[in-house]
Structure formats: C-alpha cells, structure tokens
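Enquirer: Here you go, one structure.
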Amino acid sequence: MLRTRVAEGLRTGVLEHGDRLPSVREVADELDVDTRVILAAYQQLGEEGLVEVRSRSGVFATAHGNAQLLPRRWMLEILVGAIDRDVPPLRFVDHVRSALITRRVRAAVLECNDDQLQSMAEELRTFYGLEVTAIPVDAVSSDSAARDLRRVDILISAGHSEIVARTAALMGKPHIITRVRPALLQRFGRLLARGPVYFLATDPRFGVKLRRLVAPMSRSENLHVLLVDRDDLSIIPHGAPTYIMHSALRRFPRSKHAGREILPQRIFSRETSHEILSHILSLATDRV
C-alpha cells in the first residue's frame, strides 16, 4: 500500500522527489498497526530505491527514485513459476507484452458521478493498460455514447448492474461489476470509528453514493465529503484523515486545509482484478 501511495504520488505530481513522507507513527496510527510493521515496510521501500529513510530526520521520497522498481523476490517467484511450466522467462515476458500492450483492450467505464468515472478510469489505465472511455450512466442511450460503446471491448461499472447488463447485452459486449478491496473498507471503517474522516471530491453525486456505502458502518456520521470548488476546506481539523479523489488532485490548493492527506487508493478487489485480467487475456488471445 505504501509503495502504491508513493509511486502514484510521484507519478501524478502530488509528491516531488525529496518530499517528506508521513512518519512511521502517523502511518501506524492511520492503519492501526504496530509501528514496527510500518518501519519494516519503509525499510523495504528504501531497499527498492523508492524512499530514503534518514535517521532522526524522517522518510523522504528518494531524490533519484524509480517508481517502477519491483521487489526482486516477487519477480523471482513469477519467473521460476514460468520455468515450472516449461516457459522460458523471456518468452513469458513476450507473452505478457503481447497480451497487455501490443493488442490494447478498450473499456467503457459507466458510472453516475465524475469522481468515480475518473478514479476507475485512472486505475484501469495504470494497472491494466486499458484504453478507457468514461461514459455517464445516465447518458448511455445517447447517440454519442452508442458510438463509443460500439468501439469498446468491455463495459465496466461499480454498480448500476441492471443498466450495465442491459446495455452490454444490447451491444453484444461482456461486462464487469467491480468490487472494492475489503482491506480498503476495513481501514476506512477503523478511521471512521476513531473520528472525522474527510473526502475531497468534485461531484456532489459521489458524496450521496459514498454516504450510502458507509451507512452500515459504525460511526458513519464521521464521514464528511467536501467539494473542492464549492466548500470551505479550512474547516478540516488539523491532522484529520483526508482522502483526495483523482478528480480533486489538481483542483485545490493544498495549503487551504490542515488535514492529513491520503492519496488515491487502488480500489478494485483481487477478484475484480482476476476478472478484468481474464477478459483482457481472452480478448487479446482472440485477436491473435
């Protein structure tokens, strides 16, 4: 999770190389885990070259870091697994490149608010290499949406299952209804139980949907959604957990609030990732 935060922050410009990162204690308090776990995670990122842990000074995004570095042990397991299946590692890499890059799969994201449209599109581009078209779900019957939908390979939404399934059937396309990572919801629930949690967004419809999602959680009244172009961000208490949606990243002055910023998180569950990648590989194979 820390790797994703730092890499995404550097990639989007929210973090600059050399910026100080949240302290071990701050992250441990946020995630409700032992400080030793966070220290070990930061040390591992230091070994990967993504951060620099300075004794008595803190943790910093490395001045010469490479956000694309991967853990050597993880790569080793993947390559050994390829050999176990009699696939030479270089041929395995070629297969992956062919499936994910050479034959780009096109997806349409259908959602009811701009914040989810942008967040889902960003994750699909970044982690799955998809070409993404964002379509408001209330516009699927328009002529322009119909043209876009005819050009894509798959429809993806976080809800609206009836509309999406009906549209997919009409277009003769597969569709996926995504699910949120359980760890993300659990972490969010722990923060809500401890005090106010803020979301910075741009579309009031996102706030309505998010409040419905957290309604069953304990202390759901601690959720506050603020719109960056409309609401007063100075009301955020000092150090309060403040999630920033992708749509809000470049649209608000960071100095206008005192919250503890939480950069956009990876949303999709492992099961959703499996389903997306399965469709990508299937569609790419069909085009060979």
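Enquirer: What is the number of the single condition among (1) buried (at least 16 other Cβ atoms within 10 Å of the Cβ); (2) modelled with pLDDT of 95 or more; (3) among the β-branched types (Val, Ile, Thr) that Val208 does not meet?
Expert: Tallying (1) buried (at least 16 other Cβ atoms within 10 Å of the Cβ); (2) modelled with pLDDT of 95 or more; (3) among the β-branched types (Val, Ile, Thr), Val208 fails exactly one: (1).
Enquirer: Look through the range 8-47, keep the residues that are of a type in the set (S, T, N, Q) and closer than 25 Å to His246 by Cα, and return whichever of them is nearest to the chain's Cα centre (by Cα).
Expert: Start the filter on the range 8-47 by keeping residues that are of a type in the set (S, T, N, Q), which leaves 12, 23, 35, 43-44.
Next, only the ones that are closer than 25 Å to His246 by Cα stay: 12, 23.
Details: Thr12: 12, Ser23: 22 Å.
By that ranking, first place goes to Thr12.
Enquirer: Consider Ala240 against the criteria (1) in contact with a Phe, Trp or Tyr (Cβ under 8 Å, 6 or more places away or on another chain); (2) over 30 Å from Arg97 (Cβ atoms); (3) surrounded by 20 or more Cβ atoms within 10 Å (Cβ to Cβ): it satisfies all of them except one. Which criterion is unmet?
Expert: (3)
Enquirer: Further, regarding this structure: Mind checking which pairs have a first residue in the range 216-234 that is without any contact (Cβ under 8 Å) to a residue 60 or more places away in the chain and at positive phi and a second that is surrounded by 18 or more Cβ atoms within 10 Å (Cβ to Cβ) and charged (D, E, K, R), Cβ under 7 Å, 6 or more apart or different chains?
Expert: none
Enquirer: Could you tell me whether any residue of the range 152-165 is at pLDDT 95 or above, assigned to a strand (DSSP E or B) and under 30 Å from Asn222 (Cβ atoms)?
Expert: Checked the range 152-165: at least one residue is at pLDDT 95 or above, assigned to a strand (DSSP E or B) and under 30 Å from Asn222 (Cβ atoms).
Enquirer: Out of all the residues in the range 172-205, which are open to solvent by 50 Å² or more (accessible area, probe 1.4 Å) and not basic (Lys, Arg)? Give the steps one after another, and end with the answer.
Expert: Going residue by residue through the range 172-205, those that are open to solvent by 50 Å² or more (accessible area, probe 1.4 Å) are 172, 175, 177, 179-180, 182, 185-186, 190, 193-194, 196, 204-205.
Result: Gly172, His175, Ile177, Val180, Pro182, Leu185, Gln186, Ala193, Pro196, Pro204.
Enquirer: Follow-up question, since we're still on this one. Whether any residue in the range 116-129 is open to solvent by 50 Å² or more (accessible area, probe 1.4 Å), farther than 20 Å from Ala248 by Cβ and among the small types (Gly, Ala, Ser) is what I want to check.
Expert: First, pick out the residues of the range 116-129 that are open to solvent by 50 Å² or more (accessible area, probe 1.4 Å): 118, 125-127.
Those left that are additionally farther than 20 Å from Ala248 by Cβ: 127.
Among the residues that remain, those that are also among the small types (Gly, Ala, Ser) are: none.
Checked the range 116-129: no residue is open to solvent by 50 Å² or more (accessible area, probe 1.4 Å), farther than 20 Å from Ala248 by Cβ and among the small types (Gly, Ala, Ser).
Enquirer: Inside the range 27-61, can you point out the residues that are out of contact with any Gly (no Cβ under 7 Å at 6 or more places or on another chain), free of Cβ contacts under 8 Å to residues at least 24 places away in the same chain, of a type in the set (D, E, K, R) and not in a helix (DSSP H, G or I)?
Expert: Asp34, Arg54, Arg56 - these are the residues of the range 27-61 that are out of contact with any Gly (no Cβ under 7 Å at 6 or more places or on another chain), free of Cβ contacts under 8 Å to residues at least 24 places away in the same chain, of a type in the set (D, E, K, R) and not in a helix (DSSP H, G or I).
Enquirer: Return the residues of the range 218-231 that are open to solvent by less than 50 Å² (accessible area, probe 1.4 Å) and either within 23 Å of the chain's Cα centre (by Cα) or among the polar types (S, T, N, Q) (or both); say none if nothing qualifies.
Expert: Selection gives Ser220, Asn222, Leu223, Val225, Leu226, Leu227, Val228.
Enquirer: Moving on. Where residues in the range 119-161 are among the charged types (D, E, K, R) and touching a residue at least 12 places away in the same chain (Cβ under 8 Å), which of them is nearest to Val96 (Cα to Cα)? Spell out how you get there, then give the answer.
Expert: The initial filter retains those residues of the range 119-161 that are among the charged types (D, E, K, R), namely 122-123, 125, 131, 138, 143, 147-148, 150-151, 153.
Then keep just the ones that are touching a residue at least 12 places away in the same chain (Cβ under 8 Å); that gives 122-123, 131, 138, 148, 150-151, 153.
Values: Glu122: 21, Glu123: 19, Glu131: 17, Asp138: 36, Asp148: 27, Arg150: 26, Arg151: 24, Asp153: 19 Å.
Among residues in the range 119-161 that are among the charged types (D, E, K, R) and touching a residue at least 12 places away in the same chain (Cβ under 8 Å), the one nearest to Val96 (Cα to Cα) is Glu131.
Enquirer: Would the range 253-260 turn up any residue that is among the hydrophobic types (A, V, I, L, M, F, W, C), modelled with pLDDT of 80 or more and open to solvent by less than 40 Å² (accessible area, probe 1.4 Å)? I'd like the intermediate steps shown before the answer.
Expert: We begin by selecting, within the range 253-260, every residue among the hydrophobic types (A, V, I, L, M, F, W, C); these are 258.
Subsequent filtering for residues that are modelled with pLDDT of 80 or more retains 258.
Narrowing further to those that are open to solvent by less than 40 Å² (accessible area, probe 1.4 Å): none.
No, the range 253-260 contains no residue that is among the hydrophobic types (A, V, I, L, M, F, W, C), modelled with pLDDT of 80 or more and open to solvent by less than 40 Å² (accessible area, probe 1.4 Å).
Enquirer: Ok, one more. Among (1) open to solvent by 40 Å² or more (accessible area, probe 1.4 Å); (2) closer than 28 Å to Leu277 by Cβ; (3) more than 20 Å from the chain's Cα centre (by Cα), there is one condition Ala146 misses while meeting the rest; what is its number?
Expert: Single failed check for Ala146: (1).
Enquirer: Being assigned to a helix (DSSP H, G or I), closer than 29 Å to Leu15 by Cα and touching a strand residue (DSSP E or B) at 6+ places or on another chain (Cβ under 7 Å) is the requirement here; does Leu200 meet it? Before you say what the answer is, go through the steps one by one.
Expert: Numbers: assigned to a helix (DSSP H, G or I): no; closer than 29 Å to Leu15 by Cα: yes; touching a strand residue (DSSP E or B) at 6+ places or on another chain (Cβ under 7 Å): yes.
Criteria not met by Leu200.
Enquirer: Within the range 28-42, how many residues are at pLDDT below 90 and under 15 Å from Phe60 (Cβ atoms)?
Expert: The qualifying residues number 0.
Enquirer: Given the conditions (1) closer than 20 Å to Leu210 by Cα; (2) surrounded by 13 or more Cβ atoms within 10 Å (Cβ to Cβ); (3) among the polar types (S, T, N, Q), report the number of the one that Thr133 does not fulfil.
Expert: (1)
Enquirer: Kindly evaluate Arg260 against the criterion of being farther than 30 Å from Val105 by Cβ and either out of contact with any Leu (no Cβ under 9 Å at 6 or more places or on another chain) or among the hydroxyl-bearing types (Ser, Thr, Tyr) (or both).
Expert: yes
Enquirer: Search the range 261-275 for residues that are outside any loop (DSSP other than H, G, I, E, B) and pair each with any residue that is modelled with pLDDT of 95 or more when their beta-carbon atoms are under 6 Å apart and the residues are at least 6 apart or on different chains.
Expert: Pairs that qualify, where the first residue is outside any loop (DSSP other than H, G, I, E, B) and the partner is modelled with pLDDT of 95 or more, are Phe268/Thr178; Thr272/Thr178; Thr272/Arg179; Glu275/Ile176.
The values are calculated or read from the model by the stated rules, or taken from the named source; none is laboratory data. The shown structure was predicted, so the numbers you read here are calculated from the model rather than taken from an experiment. So basically every Cβ, Gly included, is an ideal-geometry build from the backbone, and we count neighbours across all protein chains shown. Areas reflect the complete protein model, heavy atoms only, side chains present, ligands, DNA and RNA absent. Shrake-Rupley method; radii C 1.70, N 1.55, O 1.52, S 1.80 Å.
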